[in-house]
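For reference, the structure discussed in these notes is given below.
The values are calculated or read from the model by the stated rules, or taken from the named source; none is laboratory data. Worth saying up front: this structure is predicted, and the values here are computed from it rather than measured. When we count neighbours, we look across all protein chains shown, and the Cβ atoms used for this are built from the backbone with ideal geometry, even at glycine. Side chains included, ligands, DNA and RNA excluded: accessible areas come from the protein's heavy atoms. Shrake-Rupley method; radii C 1.70, N 1.55, O 1.52, S 1.80 Å.
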Amino acid sequence: MKVTFFQSQIQNFSRKLTNSPWRLSLIGIILSIFFIFLYGCQGTVQKNERAIHLNLWQSINPPVNRDVFDKLVDKFNQTHTDIQVESIFVGQPQLPKILTAVVGNASPDILSFDPQLTGQFMELGAIRPLDKWLDKFPLKSEISPNLWEELKLDGHLWSIPISTSNVGIFYRPKLFQAAGITQIPKTWEELREVAKKLTIDRNGDNRPEQYGMLLPLGKGEWTVFSWFPFLLSAGGEIVTNNHPNLTNPGAIAALQFWQDLLKDGSATLSSPERGYEEDAFIAGRVAMQITGPWTYIMKSNVDFNVFPIPASVKAATVTGTGNMYLMKSTPEREQAALKFLEYVLSEEFQTEWSIGTGFLPVNIKSAQSQAYQEILQQKPVLKVFIDQMPVSGSRPIIPGYSRLSESLGQAIEATMLGASPETALKQAQANLDSIWDSL
């Protein structure tokens, strides 16, 4: 805003109006209004110039959850006029974009991403360790202590948890009732039998109108994530002594079980890389689906319930912890970003975020709050996920995880399309052995 321009205009205008007292009064009023307006404009400009503008990249889905997050970001911006955070949805898959930005010195200030990529970001020198900051952070004792292990690598904490949860099996009670099923399955064998009973071919064309279960097709992280509870339940692993180990008996058994469901004809595959979509479940084309409480199913009008992942060797599931990284930039920007991370861990943020999305709060006071306890009464299915937390395992936090997950995903996809589980896993292991030491 050019002050001299407005001043010259007023001077010209005042010379034309100085012939009478009422005109002088009018000039006074106009000048008062102008200077109030000018002061306000100058204050706004100065305030915006002083504010630190931060970019936050996220890929929160479904969109209704993204809306909850963006509203919380807006609330932060309204109460922190010196820091303004812009939430930018970067979609899926976002890893290539992130790596390109890091290499090109154009990374965001804050990144919301899976903790399994910690090793890769650490090796690139793209993120800041948060140990010293967290040690001085008053709210650290309010965060669930079992969450920190998944965010740790080489003795350092590299991110904060924004949310946590795990996966169970959503099911349609009316379809269970129609099939005469009165007991939820607790073992793999029982799950297999229930899936058979829920598969119905009404017109006899060998193409069931209703399947017992949906399994994800694809080699992406959602497929690996969905399969992981069965791996852990079978006592399997994918890493031993920081080296890939895909051919252990537990891994083979877990993959064989998924293939058995397909061979029985009681499971159907999702569209490629779309295993998280719930359309078939909501429409009643499948009776069971592996997912977590963040799912849109929780907000739908269909009948649904949830049961824990059935057990093989032991009860198990996998955590779905979302996290946030502090990306390297300047000291001033990093300090501003830490203010936002404080907000994310707060009881206020966690309560509103958890109620709005279905994720479990990472803040203990939030979980104990009256508002969240009321939600538990309204949505008792959440208790299934809370009760599963003690048996929840996590995917490995190691450098090279992205390549490991990619090879494992290829093996799962190949098995779903008919390959032998053992053969597919051996091929994936051989591929990893040839490159692992160079990663």
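Scanning the range 357-369 for residues that are within 22 Å of residue 138 (Cα to Cα) and assigned to a helix (DSSP H, G or I), we see that the one that is most open to solvent (accessible area, probe 1.4 Å) is 368.
The test for being free of Cβ contacts under 8 Å to residues at least 40 places away in the same chain and more than 28 Å from the chain's Cα centre (by Cα) does not hold for residue 208. Within the range 72-83, residues that are under 18 Å from residue 347 (Cβ atoms) reach no partner that is open to solvent by 80 Å² or more (accessible area, probe 1.4 Å) and part of a loop (DSSP other than H, G, I, E, B) with beta carbons closer than 7 Å at six or more positions or on different chains. Within the range 384-439, the only residue that satisfies the criterion of being small (Gly, Ala, Ser), touching a helix residue (DSSP H, G or I) at 6+ places or on another chain (Cβ under 9 Å), in a helix (DSSP H, G or I) and free of Cβ contacts under 8 Å to residues at least 60 places away in the same chain is 414. The sole residue among 302, 286 that is at pLDDT 95 or above and touching a strand residue (DSSP E or B) at 6+ places or on another chain (Cβ under 9 Å) is 286.
Of all residues in the range 322-356, those that are open to solvent by 30 Å² or more (accessible area, probe 1.4 Å) and not charged (D, E, K, R) total 5.
Would you confirm whether any residue within the range 284-307 is closer than 18 Å to residue 419 by Cβ and surrounded by fewer than 23 Cβ atoms within 10 Å (Cβ to Cβ)?
Quick first cut of the range 284-307, residues closer than 18 Å to residue 419 by Cβ only: none.
No: the range 284-307 contains no residue that is closer than 18 Å to residue 419 by Cβ and surrounded by fewer than 23 Cβ atoms within 10 Å (Cβ to Cβ).
Taking the range 82-95, which residues are out of contact with any strand residue (DSSP E or B) (no Cβ under 9 Å at 6 or more places or on another chain) and open to solvent by 80 Å² or more (accessible area, probe 1.4 Å)? 92, 93 - these are the residues of the range 82-95 that are out of contact with any strand residue (DSSP E or B) (no Cβ under 9 Å at 6 or more places or on another chain) and open to solvent by 80 Å² or more (accessible area, probe 1.4 Å). Here residue 428 clears all of (1) more than 26 Å from the chain's Cα centre (by Cα); (2) over 27 Å from residue 152 (Cα atoms) except the condition numbered (2). For residue 124, the criteria (1) aliphatic (A, V, I, L, M); (2) open to solvent by less than 60 Å² (accessible area, probe 1.4 Å); (3) at pLDDT below 95 hold in every case but one, which is (2). You will find that of 427, 377, 388, the residue that is crowded, with 22+ Cβ neighbours inside 10 Å and more than 21 Å from residue 118 (Cα to Cα) is 388 and no other. Restricting 231, 246 to those that are open to solvent by less than 30 Å² (accessible area, probe 1.4 Å) and in contact with a Leu (Cβ under 6 Å, 6 or more places away or on another chain) reduces the list to 246. Out of everything in the range 137-149 that is open to solvent by 60 Å² or more (accessible area, probe 1.4 Å) and within 19 Å of the chain's Cα centre (by Cα), what residue ends up being nearest to residue 349 (Cα to Cα)? Top of the filtered list is 146. Applying the set (1) in a helix (DSSP H, G or I); (2) over 30 Å from residue 124 (Cα atoms); (3) over 23 Å from the mean Cα position of the chain (by Cα) to residue 335 leaves exactly one unmet item: (2). Within the range 150-195, the set of residues being open to solvent by 20 Å² or more (accessible area, probe 1.4 Å) and under 30 Å from residue 324 (Cβ atoms) comprises 152, 154, 155, 156, 158.
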